[in-house]
């Protein structure tokens, strides 16, 4: 379980995360939604210890700041949205680094297995020996996700993992995240812009607006026109089909 | 097989390097092993060849680390103000304690190189340049400001000649008893190998490093310490030699990528090889005189670099 108490962050006079408190259930897929600049990424980065801020952040009851960096890296991983790796590495070399917290430089057979698995999860086996700078944006994005998967942490934080991805790969990744939660008992928090992916795949949805927490609940509670009006400030019809809710926000 | 190419080339060129000099060494004299031959070999030729290889390795690895630490292919000790700070440090050492030992002078040189480069990185963090090519330009600019100050100090103290001689690295003065401090590079190179993976991860940015459990600032500083040690040792014993740190890691990266751990040996050996070649050219072109290796290394390095820029579009990115 991740517990956030009174998270607060401001840049100069602008408050980006305003006194947010919430807990995230273990073994669930939670999605952060909200308009641009709502503070979703900042909040996630604060949990991932990539951004400093005020407030308490607990991982299974223990302050995240009290973990040794290598120990934390075995429990919680985070991928930010602006991860443009400029180094000339092959996909496999990048994914191998996901095992760094465990094996430092000497990878074991188990490490190699996990790397191979992550590569095949991300549909990258054929690209393993290609350099990152030879790949498309989407392939690079998948390589970064594969690295985080190889890191094999119980808690995974992903900031807009579907960036740059086509529909097929987006669906593939969402299904995979679902599987990681259901079969491998991971706890995953993602920031998504497409609320339909949020609606179809998450256990819980957290909505933010202007740095504040406005909604936190399961899909039924959050995905309805009334709540969406609060979150996005626009009228969004919601349709139901096959037991799932779809937001028709294009019209 | 391919892994043996570099060591073999180094061995062959080292042998060649041993035979080049003002006093000719022949097979006959070598077979006879008379006292004079032994003396030349032991006191002058061997030290020179060894120091060439170690310097080449040190400069190339220092360059590679610096490029990773700054995530920029063009930032090396000579384009990141490290060498300029080291020169200032060496001058200050000469000014305040002219009688001090080489070790003491090297220590002060190192301190200046380390703290100076830290200030450069601090500057970079403050001004946040997005343009890749601009970062080394700022470094060169900053280095030149330091250099101006060094020149001013040297002028006041009548030490301009010394300072100018450091600017152009030269192996002609390497003799037994005057280069041994360079051996201190070897432990620094080994530590670099140990930290290689961390430096590669650092080059992927602060977020990635922290995600993988690496202490960003501490690792950055370890890297800078290694860079400063290597740069100051070379500066104190042979003077500054540009382009090795820039060209060699980039050349290796072209064929083998940027994974430092995988490449440390290739980069080190290529650096040694490069200086051996430069030195042989230096000694043969106007034999029995010689051109300072700083000049040959600049010309050769510059040529290779221009070829890179034109042939590989990736380097223009």
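The values are calculated or read from the model by the stated rules, or taken from the named source; none is laboratory data. Small disclaimer: the values here were computed from a predicted structure and weren't measured. All Cβ positions, glycine included, derive from the backbone under ideal geometry; neighbour counts span all protein chains shown.
Among the helices (runs of 4 or more DSSP H) lying completely within the stretch B:72-166, list those that include at least 3 residues that are surrounded by fewer than 14 Cβ atoms within 10 Å (Cβ to Cβ) and at negative phi.
Qualifying helices (runs of 4 or more DSSP H): B:102-127, B:134-156.
Tell me, please, whether a residue that is part of a loop (DSSP other than H, G, I, E, B), more than 14 Å from every other protein chain (Cβ to nearest Cβ) and more than 13 Å from the chain's Cα centre (by Cα) can be found in the stretch A:180-198.
yes
Out of the residues in the stretch A:97-110 meeting the condition of being part of a helix (DSSP H, G or I) and either within 13 Å of chain B (Cβ to nearest Cβ) or over 22 Å from residue A:71 (Cβ atoms) (or both), tell me which one is farthest from the chain's Cα centre (by Cα).
Only one residue fits best here, namely A:109.
State the number of residues belonging to the stretch A:126-147 that are surrounded by fewer than 15 Cβ atoms within 10 Å (Cβ to Cβ), part of a helix (DSSP H, G or I) and more than 14 Å from chain B (Cβ to nearest Cβ).
Of the residues in that region, 2 qualify.
Filter the stretch A:215-230 down to the residues that are outside any helix (DSSP H, G or I) and under 14 Å from residue A:31 (Cβ atoms) and list them by number.
A:215, A:216, A:217, A:218, A:223
Filter the stretch B:234-269 for residues that are more than 10 Å from every other protein chain (Cβ to nearest Cβ) and in a loop (DSSP other than H, G, I, E, B); which is farthest from residue A:130 (Cα to Cα)?
B:239
Looking at the stretch A:67-81 only, could you name the residues that are at the interface with chain B (Cβ under 7 Å from one of its Cβ atoms), touching a residue at least 24 places away in the same chain (Cβ under 8 Å) and either within 29 Å of residue B:130 (Cβ to Cβ) or part of a loop (DSSP other than H, G, I, E, B) (or both)?
Residues satisfying the conditions are A:73, A:77, A:78, A:80.
Yes or no: the stretch B:217-224 includes at least one residue that is at the interface with chain A (Cβ under 9 Å from one of its Cβ atoms) and either out of contact with any helix residue (DSSP H, G or I) (no Cβ under 7 Å at 6 or more places or on another chain) or modelled with pLDDT of 95 or more (or both).
No, the stretch B:217-224 contains no residue that is at the interface with chain A (Cβ under 9 Å from one of its Cβ atoms) and either out of contact with any helix residue (DSSP H, G or I) (no Cβ under 7 Å at 6 or more places or on another chain) or modelled with pLDDT of 95 or more (or both).
The conditions are (1) within 29 Å of residue A:218 (Cα to Cα); (2) at pLDDT 95 or above, and residue A:92 fails exactly one of them. Which is it?
Status for residue A:92: all satisfied but (1).
With the condition kept exactly as written, say whether any residue in the stretch A:82-91 is more than 7 Å from every other protein chain (Cβ to nearest Cβ), out of contact with any strand residue (DSSP E or B) (no Cβ under 7 Å at 6 or more places or on another chain), closer than 19 Å to residue A:161 by Cα and surrounded by 17 or more Cβ atoms within 10 Å (Cβ to Cβ).
yes
Give me the pairs: first residue in the stretch A:103-117 and more than 18 Å from residue A:144 (Cα to Cα), second residue surrounded by 14 or more Cβ atoms within 10 Å (Cβ to Cβ), beta-carbon distance under 6 Å, and six or more apart or on different chains, which are they?
Listed pairs, sorted by first residue: A:103/A:111; A:105/B:197; A:107/A:99.
Residue B:227: farther than 26 Å from residue B:4 by Cα, crowded, with 24+ Cβ neighbours inside 10 Å and either modelled with pLDDT of 95 or more or away from chain A (no Cβ under 14 Å) (or both), yes or no?
Spelling it out, residue B:227 is indeed farther than 26 Å from residue B:4 by Cα, crowded, with 24+ Cβ neighbours inside 10 Å and either modelled with pLDDT of 95 or more or away from chain A (no Cβ under 14 Å) (or both).
What residue, among those in the stretch B:198-215 that are part of a helix (DSSP H, G or I) and at the interface with chain A (Cβ under 7 Å from one of its Cβ atoms), is farthest from residue A:74 (Cα to Cα)?
Per the criteria, the residue is B:200.
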